[in-house]
Each structure stands twice: as C-alpha cells, then as structure tokens.
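Undergrad: The structure that follows is given in the form of structure tokens.
Taken together, the values in this text are just the output of simple stated rules run on the coordinates, not laboratory data. What you see is a predicted model; the values in this text were computed from it and never measured. When we count neighbours, we look across all protein chains shown, and the Cβ atoms used for this are built from the backbone with ideal geometry, even at glycine.
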Amino acid sequence: MRRGLQLHQCADDCQVYLSTSTEDVPHAADKFNVCLVDISVWLGASQLWLNVLKTELMWLGLTQLFDKITCQNVFMLGTCVAFSDTTRDLATVTDHEMMLAAHISYICRSSYNHLCRLKPVVRSLPVHDTKMLVQAFISCHLDYCNSLLYSINDGLLRRMQLVQNAAVHLVTGACQLSDIIR
C-alpha cells in the first residue's frame with residue numbers, strides 16, 4: 001500500500017498489517033489512522049462505509065515486548081478503539097503471541113456446546129445418522145484450519161483429543177456425556 005502498510009482483503013473483510021519497533025509505536029498508530037482515513041474516503045466514493053465499531057486492533061509479538069508499549073488505544077475516525085488480546089479471522093481465534101491457546105479454547109467450548117445440544121436428539125436416531133451429525137458438527141469443526149495446529153504443545157492437543165473422545169462416546173453410547181464434559 002501507499003503508506004507502507006500491508007493489505008489483505010477477503011469478500012467484505014479488509015485487514016491491514018503494519019510492522020514496527022516498540023520505539024516507533026506512536027508513529028505507527030498515526031500512520032495506521034491516516035491509512036484508515038484514506039480507506040474511508042475510498043469506500044465513500046463507492047457509496048460504502050467503514051464500520052469503525054467492527055474495527056479490531058491487535059499487537060502481535062512476544063510478551064516481553066508488550067511491556068514497552070504504552071499505546072493502549074487509537075483514536076480513529078471519531079472513535080476510540082482499544083487493542084484486543086484476541087481477534088477472530090475466518091473462524092480462527094488469534095492471540096497476540098500466536099500461541100493458539102485461545103483458538104483451541106474456542107474450538108473445545110463450541111464443540112462441547114454442540115455435543116450437549118446433540119445429546120437429546122441422538123437418543124432417537126440410528127447410529128449412522130448420529131455419526132453424520134457428529135461429523136457435521138464436531139469433526140469438521142476440529143479439522144477446520146488444522147494446518148495451523150501443526151506442532152502445538154501436548155496440553156492443547158490433549159484438549160482437542162478429549163473433544164474427539166466425547167464425540168465417540170456420544171455416538172457409541174459408551175458412557176454418559178455429562179461424565180465426560182466437566
């Protein structure tokens with residue numbers, strides 16, 4: 001882009017990236033704000049508008065670097081936007097250290113929620129149909145963007161394995177789902 005920022009667009013979503021040192025954070029925030037004004041003007045020329053309330057800002061980097069950053073929010077287009085610890089992008093949750101713990105928590109919480117909702121329905125279905133429901137609501141959710149999960153730590157991997165075990169127990173009826181989900 002014109003102001004030294006990187007742009008990524010997908011359908012109605014626009015992401016702008018800027019790399020900076022911790023010493024240059026105030027200048028980077030100003031540069032980002034000017035870029036948003038440019039984007040807003042460009043959208044306005046096409047009868048579109050930038051929804052600042054849906055704008056998310058996040059610093060990416062190591063925790064020890066965050067102690068040096070004093071900029072906690074940016075005033076842009078008449079709205080004060082605070083920096084987030086996590087953000088969602090195409091159904092993946094990214095945290096500021098790119099550790100994927102927040103993403104795994106989201107997957108597990110969502111999967112257990114689906115399992116709890118499926119439990120009353122499954123009692124009246126044949127096993128084949130139950131397998132299809134678990135595939136549609138659980139397995140696909142666990143597999144989505146699974147290449148991001150390459151080389152995650154054993155604790156996070158175990159949490160996802162527990163979801164799969166709960167799904168198997170739901171299909172086979174091996175034990176009560178309430179015993180598995182705690």
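Undergrad: Against the globular-protein guess of 2.2 N^0.38 Å, express the Cα radius of gyration of the chain as a ratio, rounded to two decimals.
TA: 1.34
Undergrad: As a footprinting exposure proxy, order MET99, MET160 by other Cβ within 10 Å, with the fewest listed first.
TA: MET99, MET160
Undergrad: Still on this structure: Among LEU18, VAL52, SER40, flag the residue with its Cα farthest along the positive direction of the charge dipole of the chain, charges on Cβ as +1 for Lys/Arg and -1 for Asp/Glu.
TA: VAL52
Undergrad: Right, another one. Roughly speaking, what is the stretch gain from CYS140 to ARG88, that is 0.36 nm per residue apart minus the C-alpha to C-alpha distance, in nm to one decimal?
TA: Full extension of this stretch gives 16.9 nm more.
Undergrad: To the nearest 20 Debye, how big is the dipole of the chain about its Cα centre, given +1 on the beta carbon of each Lys and Arg and -1 on that of each Asp and Glu?
TA: Roughly 660 debye for the chain.
Undergrad: Further question on the same structure: For the stretch 6-84, what is the convex hull volume of its Cα atoms per residue in Å³?
TA: Here the figure is 97 Å³ per residue.
Undergrad: If you take the C-alpha gyration tensor of the stretch 100-180, multiply each eigenvalue by 5 and take the square root, what semi-axes do you get, largest first, in whole Å?
TA: 24, 13, 10
Undergrad: While we're looking at this one, here's another question. With angles folded into 0 to 90 degrees, how steeply does helix 154-172 sit against the dominant principal axis of the chain? Use alpha carbons for both and round to 10.
TA: Once rounded, one gets 40 degrees.
Undergrad: Another question, then. Working out 0.36 nm times the residue gap between TRP49 and GLN15, then minus their Cα-Cα distance, what length gain in nm do you get to one decimal?
TA: 10.7 nm
Undergrad: For the chain, the longest stretch holding no chymotrypsin sites (Phe, Trp or Tyr not before Pro) located in a DSSP loop with at most 11 other Cβ atoms within 10 Å is which? Could you put the intermediate results ahead of the total?
TA: Values: sites that count: TRP49, TYR150.
For chymotrypsin sites (Phe, Trp or Tyr not before Pro) (loop position, at most 11 other Cβ atoms within 10 Å), the longest site-free span of the chain is 50-149.
Undergrad: Which length gain, in nm to one decimal place, applies between ASP24 and LEU162 when the Cα-Cα distance is subtracted from 0.36 nm times their residue separation?
TA: Full extension from ASP24 to LEU162 adds 45.3 nm.
Undergrad: Output the 0 to 90 degree angle, nearest 10, between the alpha-carbon long axis of helix 25-45 and the longest principal axis computed from the alpha carbons of the chain.
TA: Computed tilt is about 80 degrees.
Undergrad: Same structure again: So what's the back-of-envelope 222 nm ellipticity for the chain, counting only DSSP H runs of four-plus at -39500 (n - 2.57) apiece and dividing by all residues, rounded to 500?
TA: Working: 7 runs with 82 residues, N = 182.
One gets -14000 deg cm²/dmol as the mean residue ellipticity at 222 nm.
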